[in-house]
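Laboratory data are not the source of any read-out in this text; all were calculated from the coordinates shown. Owing to the predicted nature of the structure, the values given are computational and were not obtained by experimental measurement. Glycine gets a Cβ as well: all are built from the backbone with ideal geometry, and neighbour counts include every protein chain shown.
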Amino acid sequence: MLRWIYPVTCTLCGEAAPLSVCESCRDALRRVPRPICLYCGAATAGTAAEPDRCESCKDFARVYDWARSALVLGGETRGLVHDLKYHRASYLAEPMAEILLQLWASTPQLASHCDCALVPVPIDPLRSHERGYNQAELLARKLGARLGVPVQQPLMRLLSDEDTRSMTRLSARARQQHANKVYALSPHWLKKKETLPVRVVIVDDVYTTGATARACAKVLRTLPGVQEIGVLTVARAM
Ligand SMILES: [Zn+2]
Ligand SMILES: [Zn+2]
């Protein structure tokens, strides 16, 4: 009977469900535990000397205003993120957007989102061509549709994944310097003469070291009118 109402089956438990990850499997995914650093959203285990700033944030200037992630990158979440990114499982964007929607509702900075736009982190155009989509854009579109918030794409990626592959071996600071060279304003977007609202929310699948979020925020800061930059990601490496 359920299968007749819901033709989709949950990727994790195999039960018939309205989305490709059912509600109880979504609820079972591990959330980022509280307390968190009020700046980057990392779990601090209550050990940070300043409650609003974790140890690793002290090394970086405040480029964005806040970042929040829903899930811990591990267990089932790691598999789901991986499948969305590398195995063409674009159907996973919808349940992940549902998880972002929950995070949105519980983030005080987002309580009133009247003047706001979602900005997906761009990927290497070659990658996007191979895969057929940019997972961050897919997430932003699904979330934007649920919220009635527009998606804008003012950013582009300059270097290919080949250039950044070695980044994992770099120190945090070197990684940041490298990331800062990767993102720029898209000439295509500039040509359209669109403007961004006061509040912008960068959307991505994973927050790892924050180098990408900071690099994108740095570019967005150069646009007139942008006052607040937030970052929302489905998962967070811990
Ligand atoms: Zn399930
Ligand atoms: Zn932090």
Per DSSP H run of n ≥ 4, the term is -39500 (n - 2.57); total these for the chain, divide by its residue number, and report the mean residue ellipticity at 222 nm rounded to 500 deg cm²/dmol. -9500 deg cm²/dmol
In nm, the gap between the two label points placed 7 Å beyond Cα toward Cβ at residue 102 and residue 222 is 3.8
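Exposed loop GluC sites (Glu not before Pro) only (DSSP loop, at most 14 other Cβ atoms within 10 Å): please give the longest stretch of the chain free of them, not including the sites.
Values: sites that count: 15, 55, 194.
Maximal segment without exposed cleavage sites: 56-193.
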FRET efficiency for residue 55 and residue 111 from the Cβ-Cβ distance with R0 = 25 Å, rounded to 0.05, comes out at 0.30
Pull out the extension gain between residue 189 and residue 90, defined as 0.36 nm times the separation in residues minus the alpha carbon to alpha carbon distance; nm, one decimal. 33.2 nm
Can you tell me what share of the DSSP beta bridges in the chain is antiparallel? A percent to the nearest 5 is fine. 30
Relative contact order, percent, of the range 113-153 when contacts are C-alpha pairs under 8 Å separated by at least 6 residues? 58
Computed from the beta carbon distance with a Förster radius of 22 Å, FRET efficiency for residue 130 and residue 158 to the nearest 0.05 stands at 0.75
When only C-alpha pairs under 8 Å and at least 6 residues apart count, what is the relative contact order of the chain, in percent? 21
Under the rule of at least 5 residues apart or a separate chain, name every residue whose amide H is placed under 5 Å from the amide H of residue 151. 118
All lysines inside 18 Å of residue 218 as judged from Cα atoms, apart from same-chain residues fewer than 8 positions distant: 58, 181
Relative counts (whole %) of C-alpha pair distances in the chain, using bins that are 10 Å wide: 7, 31, 38, 19, 4, 0
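For the range 16-129, what relative contact order do you get, as a whole percent, if you take Cα pairs closer than 8 Å and at least 6 residues apart? Provide the component values of the computation, followed by the final result.
Values: 91 pairs, mean separation 26.0, N = 114.
This gives 23 percent for the range 16-129.
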